[in-house]
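Q: Dropping the structure in here first, questions after.
Since every read-out is calculated from the coordinates, none of them should be taken as a lab result. Because the structure is a prediction, the values reported are computed rather than measured. Here the Cβ positions follow ideal geometry from the backbone for every residue, glycine too, while neighbour counts run over all protein chains shown.
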Amino acid sequence: MDNQDFTAAFLVNQTPKEAFDAITNIRGWWSEGVEGGTDKLNDEFIYHYKDIHYCKTKLIELVPDQKVVWLVLDNYFKFTKDKSEWIGTKLVFNISEKDNQTEIRFTHEGLVPQYECYEICREAWTNYIHDSLRNLITTGKGQPNSKEDDGFNVQLVEKWKLEQ
């Protein structure tokens, strides 16, 4: 069976180190409200948005300028029947050189189409990776959720609810 894990990739002209530094700066591209460490092996952080989404992760692999892996230790979605989707999945960033550019390949290992949250998570990750993270790497400015908003895109949640 083909790998169905969510994957997003892009190329930039910046160095692998610049990409690595941006990836580990989660507050610069995912959410300013992240609590905890995000750049040292065994660091744990919490991402949350009100009572809609809560996620606790641990940095389990760190290869400077090449790879970052977070393991999802705990997760909760208010809008799914299975409140534990994501638990045990991994957020994997591979960084490599390709044709004089740097390739960033994000894979959410375990986020598959069979998950209730797949469509909304796919849309959110696509935005965070292709827009916010890429912009942080290329311009030094991402579009993370603000501390006030802190989290999942409410419009995507509402869209998902309407489709059910």
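Q: Report the gain in length on full extension from Arg27 to Ile87: 0.36 nm times residue separation, minus Cα-Cα distance, nm rounded to one decimal.
A: That pair, Arg27 and Ile87, stretches by 19.4 nm at full extension.
Q: As an exercise, take the mean of 1/r over every pair of distinct alpha carbons in the range 1-72, invert it, and state the Kirkwood radius in angstroms.
A: Value: 13.6 Å, from the Cα pair sum.
Q: Tell me the Kirkwood radius of the range 7-163: reciprocal of the mean inverse pair distance over distinct alpha-carbon atoms, in Å.
A: 15.7
Q: If Lys and Arg each add +1 and Asp and Glu each add -1, what is the summed charge of the other residues whose beta carbon sits under 9 Å from the beta carbon of Val69?
A: Residues close to Val69 contribute a combined charge of 0.
Q: Can I ask one more? Trypsin sites (Lys or Arg not before Pro) within the range 26-121: which are DSSP loop residues with at most 16 other Cβ atoms inside 10 Å?
A: Lys40, Lys50, Lys78, Lys81, Lys83
Q: Another question, then. Treat each spin label as a single point 7 Å out from the Cα along the C-beta direction, and report the Lys67 to Asn135 distance in nm.
A: 3.1
Q: Still on this structure, I have one more. Over 21 Å between Cα atoms, which of Lys90/Lys147; Lys56/Lys147; Lys17/Lys147; Lys50/Lys78; Lys56/Lys98; Lys56/Lys78 qualify?
A: Flagged as over cut-off: Lys90/Lys147; Lys17/Lys147; Lys56/Lys98.
Q: How many nm separate the modelled label positions at Leu41 and Gln101, each set 7 Å beyond the Cα in the direction of the Cβ?
A: Simple spin-label model gives 3.2 nm for this pair.
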